[in-house]
Amino acid sequence: MTADIAAIARHRIGIDGDGVTTLVAFMMCPLRCRYCLNPQTLSKEYPSKSYTAKELYDEVRTDELYFLATGGGITFGGGEPLLNPEFIKEFRAICGNDWKINVETSLNVPLKTLRELSGAINSFIVDIKDMNPAIYASYTGKDNTKVLENLKYLASAGLSGSCVVRVPLIPDFNTEKDVESSIEALEALGFTKFDKFTYKTKIHGKR
């Protein structure tokens, strides 16, 4: 089994997981966000590289000492990493349990996928956009039914403490009040760790 990888970024500290991490960005995403941070992952023309799980492990294991010394590991991002569940499970089987595996995800994937992977993942960095279905649909072009279902699953499975939920203020799409409403809804589900920030756009209000 192979996966198309857009980029591999080493020696990241305090950005996307505990300790020293290597970010592995997958191609493809189910969303079409108005201010996409990684639009190259959506392009079939982008010069990505195809890896097997073993090939990826062989490339990133050069930093194993950093991972073990700092409690770090691999952060799968993208794109949407949860579109590649079999690859992630195979990678976990190869790297073992000493490395942490984090995923940066929109959670807009089938619940079945999350159930399959929850035992292989140490922490989730969830890019929630906004909990309001209308705002979410306006910004991403998709509905957030799967997202809400997956959040409830993570909470019911006792995994909310392993999640950091990003709740952004998105210019021209939501307000500070919307952000607070999203946090209140997430707290009601049992989530406690949030990353609040404002999207920086090249041209405010335009694409």
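The values are calculated or read from the model by the stated rules, or taken from the named source; none is laboratory data. Keep in mind that what you see is a predicted model, and the values were worked out from it rather than measured. Positions of Cβ are backbone-derived with ideal geometry, glycine not excepted, and every protein chain shown enters the neighbour counts. Side chains are part of the model used for accessible areas, which takes the heavy atoms of the whole protein and leaves out ligands, DNA and RNA. Shrake-Rupley method; radii C 1.70, N 1.55, O 1.52, S 1.80 Å.
Structure values in brief
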{"item": "GLU64 versus GLU116: modelled label distance in nm, points set 7 Å from Cα along the beta carbon direction", "result": "2.7"}
{"item": "Principal-axis tilt of helix 145-156 within the chain, Cα atoms, nearest 10 degrees", "result": "70"}
{"item": "Relative contact order (percent, whole number), the stretch 41-173, Cα cutoff 8 Å, 6+ residue spacing", "result": "21"}
{"item": "Cα-Cα over 23 Å, subset of LYS54/LYS193; LYS44/LYS200; LYS89/LYS196; LYS146/LYS193", "result": "LYS54/LYS193; LYS44/LYS200; LYS89/LYS196"}
{"item": "Trypsin sites (Lys or Arg not before Pro) restricted to DSSP loop in the stretch 11-103 with at most 13 other C-beta within 10 Å", "result": "ARG32, LYS44"}
{"item": "Using alpha-carbon coordinates, inclination of helix 176-189 to the longest axis of the chain, degrees", "result": "60"}
{"item": "Average accessible area per residue (Å²) across the stretch 93-207 - probe 1.4 Å, nucleic acids and ligands excluded", "result": "49"}
{"item": "Computed FRET value (nearest 0.05) for ILE13 with LYS196, which takes r as the C-beta separation and R₀ as 22 Å", "result": "0.55"}
{"item": "³J(HN,Hα) computed for each position of the stretch 94-105 - Karplus, 6.51 cos²θ - 1.76 cosθ + 1.60, integer Hz, glycine/proline x", "result": "7, 7, x, 9, 6, 8, 7, 10, 10, 10, 9, 9"}
{"item": "Fraction of antiparallel bridges per DSSP, the chain only, in percent to nearest 5", "result": "30"}
{"item": "Between the stretch 169-183 and the stretch 32-49, the alpha-carbon center distance in angstrom", "result": "25"}
{"item": "Placed amide H near GLU104: partners under 5 Å, 5+ positions off or other chain", "result": "PHE76, GLY77, ILE125"}
{"item": "Karplus-derived HN-Hα couplings along the stretch 56-61 (A = 6.51, B = -1.76, C = 1.60, θ = phi - 60°), whole Hz, x at Gly and Pro", "result": "5, 4, 4, 6, 8, 5"}
{"item": "Amide proton proximity set for LYS142, modelled H, under 5 Å, gap of 5+", "result": "ARG32"}
{"item": "5 angstrom amide H check on GLY73, placed H, neighbours 5+ away", "result": "VAL20, THR21, THR22, LYS100"}
{"item": "Matching label, Rg and Dmax of the Cα atoms in Å computed from the structure shown, candidates (1) 16.7, 47; (2) 17.8, 54; (3) 17.6, 57", "result": "(1)"}
